[in-house]
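*Asks:* After the structure tokens below, expect a handful of questions from me.
The values are calculated or read from the model by the stated rules, or taken from the named source; none is laboratory data. Quick caveat, the model's predicted, so the values are computed rather than measured. Using ideal geometry, Cβ is built from the backbone for each residue, glycine included, and neighbour counts are taken over all protein chains shown.
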Amino acid sequence: MKKYTIVLYAMLMIVLTITGCSIQSDLTEKKADIEICLISNDQIPEEFMEKINEAKYQDMKLSFQDQENLYIARGYGVVKNGNYSISVNALYETENAICMETTLIGPSVAEQQEGIESTPYVVLKLPLSDKTVIFDSAEPSKSP
């Protein structure tokens, strides 16, 4: 009986592992690229801008939607020496998600500004979607 229980448990673990892998691939398997549309602060809805201003001092991964659009914000918190930028390396759609991959790019030695702190972030505007947003192909964030 004990041997039967162990075999049953092992089979259950295998099934759960296989199922979990297929769910993850649905989230990250690329179906189509999405056009990157960066927007400036004056184009960000006021309600979302308030959330960004509260969160921008920490690692930030936010999404927001109004009646027409989905907005995605990615920031890296406080950085020293100024002149940092963020590169959007990829923005694509999967079966169940929108994936955004970014990189924080530091300034060259000549561009560094001693004592200057900044909170670099990017905000993208997309057509309205109820899909999960995955930042940097890691942690999902559901649009409200």
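*Asks:* Quick check: anything in the range 12-27 modelled with pLDDT under 95, farther than 30 Å from GLY115 by Cα and crowded, with 16+ Cβ neighbours inside 10 Å? Steps first, answer last, please.
*Replies:* The first filter runs over the range 12-27 and keeps only residues modelled with pLDDT under 95, leaving 12-27.
Among the residues that remain, those that are also farther than 30 Å from GLY115 by Cα are: 12-27.
When the remaining residues are screened for being crowded, with 16+ Cβ neighbours inside 10 Å, the result is 27.
Yes; the residues of the range 12-27 include at least one that is modelled with pLDDT under 95, farther than 30 Å from GLY115 by Cα and crowded, with 16+ Cβ neighbours inside 10 Å.
*Asks:* Shifting gears a bit: Counting only residues that are hydrophobic (A, V, I, L, M, F, W, C) and surrounded by 18 or more Cβ atoms within 10 Å (Cβ to Cβ), give me the strands (runs of 3 or more DSSP E) lying completely in the range 59-128 with at least 2 of them.
*Replies:* Values: elements: 59-65, 69-76, 85-93, 97-105, 121-127.
Once the strands (runs of 3 or more DSSP E) in the range 59-128 are filtered for at least 2 residues that are hydrophobic (A, V, I, L, M, F, W, C) and surrounded by 18 or more Cβ atoms within 10 Å (Cβ to Cβ), what remains is 59-65, 69-76, 97-105, 121-127.
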